[in-house]
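Just so you know, all these numbers are worked out from the coordinates, no wet-lab data involved. Keep in mind the model is a prediction, meaning the values are calculated, not measured.
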Amino acid sequence: MTNTKIIKRKHTTRLIGLICAGIIGLTAASQAAQTSKAAQPYTLDNIRNYIVGIDEPVELEDGTKTTAINFDNAATTPALQPVVDEVTEKLKMYGAIGRSVSQKASYSTDVCSEVRGKVLDFVNADKDKYTCIYVNNTTDGLNKLASALVTDKSDIILTTRMEHHSNDLPWRERCQVIYAEVDELGRVRYDELEEKLKTNKVKYVSVTAASNVTGYVTDVHRIAAMAHQYGAMIIVDGAQIVAHRAFSMAGETPEEDIDFFVFSAHKMYSPFGGGAVVGRTDVLKDHMPQMYGGGTIDIVSDYKQVYTTAPGKYEPGSPNYPGIVGLGKAIDILREIGFDKIQEHEQALNRKLIDGLLDLGMKVYGDTQDISDRVGVVTFNDEHTNSALLAGKLSRMGGVATRRGAFCSHPYVWRLLGVSDDTVMTYEGCAEPKTPGMIRVSFGIYNTEEEVDRFLEILPKAIEEVKQDLAKNPLDAPEEY
């Protein structure tokens, strides 16, 4: 009896040992696999493995679930897991930045300083000439610049009819704004821009680097040379360029150098509310944005105060540490993938989508032949189907995320749609189905040709369902073109 118990105990012990060894082996293998995955270089071939939520199913209107197609990257890109991991790791040593005396405060302060340098390198900015200011997003950055650089209501800002509201309204509210028109395909008219510079005492030219409506890339260095020739400086809205193409503050000649550049991290796979202004230190130090408080000050007495220089005077309050960390990591990943490869990938997706839309009889806005100056943005309409209802149907029926409307670039969209300025103010809010609009597809580094094929397969079915729905419940006044 005793021997039997001993034998059983030996077998049990051995079995437990084997199970434990197996678990340990699986854990080790899993850790090794994760380490191996992390050690791999980031490429377009493997980047989908690092997109947070890429396989998260969404529920369709028929109750089934499918993997979503995210074609709304111009609005906001999804997070990259390495960005999230970097933020999580660096939060372990999070402390008061630039204020306190502690190991964690020193660590966090050093991180913020390192990322400033990384941002300047990212846009090829001479550290002796430029500084990096942290902002919440592009809109925040442009408003800070406008509040600092505009010193009189009579100041003249020259911009274009291609601009996002964030590069239009901050100037409208503070000074005089004049506009260069776009041509029939929606490209900037450089000749008119130069003529405006010749005939007006322009202080700043503020233009987008890439359109969020047509994807056109603006030749900002050409505009910089024009601006500097006529005594103006140039500000570039970089929101739609930073995740798509390499950008350089330096032109081929000093006359082509960019004075100020603004961009957001949430459009380059870092969702923590970061962004930056890269600008000329000699100019920024002599101006003060209309934001005051801790961090902007050298010394304060009872009735006097002395403000610090740039970048500090532009960053009141505690910095957005996760946003700064995430921005730095996103820069690392995009540079590792390579903007030449990103551009090639987007051109292929654009070509496939535009050709497919034209084959389906869609109206595609902008130049559909020469797409070499377009980032991954395509806008279109089925001219016989309400665009708001169609975008909703694409989402509910096929799990396709697009953007519909005028994309916070109303004057540009109205021109492309042929809607007169006299008519515009008679419409309701821009999100209303009765108001004219477009559907926008915007690509990220992780989108695939297979997703484009799936979209082109879903689109005609969605159009047919919208027509059937409208036959049952017509709108009082469908959008017009």
Exercise. Report relative contact order for segment 338-472 in percent, whole number only (criteria: Cα-Cα under 8 Å, sequence separation at least 6).
Key: 31
Quiz item: Normalised by the residues of segment 80-121, what does the relative contact order come to in percent, with Cα pairs under 8 Å and at least six apart?
Solution: 25
Quiz item: Whose amide H sits under 5 Å from the amide H of Ser206, counting only residues 5 or more places off or on another chain, with H placed in the peptide plane?
Solution: Leu158, Thr159, Ile235
Practice problem: Compute the Rg/Rh shape ratio of the chain: radius of gyration over Kirkwood radius, all on alpha-carbon atoms. | Solution: 1.06
Quiz item: Using Cα pairs under 8 angstrom and six or more residues apart, how large is the relative contact order of the chain, in percent?
Solution: 19
Quiz item: How much mean residue ellipticity at 222 nm does the chain get from its helices, if each DSSP H run of length 4 or more adds -39500 (n - 2.57) and you divide by all residues, to the nearest 500 deg cm²/dmol?
Solution: -13000 deg cm²/dmol
Quiz item: Residue by residue, what Karplus-based ³J(HN,Hα) values in Hz, rounded to whole numbers, does segment 149-157 have, using 6.51, -1.76 and 1.60 with θ = phi - 60° and x for Gly and Pro?
Solution: 7, 7, 10, 8, 4, 7, 4, 10, 10
Exercise. Compute the whole-percent fraction of alpha carbon pairs in segment 32-171 spaced more than 25 Å apart.
Key: 56
Quiz item: Cross-link list Lys329/Lys393; Lys118/Lys285; Lys198/Lys363; Lys90/Lys118; Lys118/Lys201; Lys65/Lys472: which exceed 28 angstrom alpha carbon to alpha carbon?
Solution: Lys329/Lys393; Lys198/Lys363; Lys118/Lys201
Practice problem: Give the percent of DSSP beta bridges with both residues in the chain that are antiparallel, rounded to the nearest 5. | Solution: 60
Quiz item: Using alpha-carbon positions, what is the distance between the centroids of segment 321-342 and segment 53-74, in Å?
Solution: 25
Quiz item: For segment 179-187, in order, what is each residue's ³J(HN,Hα) by Karplus, 6.51 cos²θ - 1.76 cosθ + 1.60 with θ = phi - 60°, in whole Hz (x at glycine and Pro)?
Solution: 10, 8, 7, 10, 7, 5, 9, x, 7
Quiz item: What ³J(HN,Hα) values, in whole Hz, does the Karplus curve 6.51 cos²θ - 1.76 cosθ + 1.60 give for segment 129-146 when θ = phi - 60°, with x put for Gly and Pro?
Solution: 10, 10, 10, 10, 10, 7, 9, 7, 5, 5, 4, 4, x, 5, 5, 4, 5, 4
Exercise. Just check segment 338-472 against the gyration tensor rule for me: Cα atoms, a ≥ b ≥ c as the square roots of the eigenvalues, rounded for a/c under 1.5, and otherwise prolate or oblate depending on whether a/b exceeds b/c.
Key: oblate
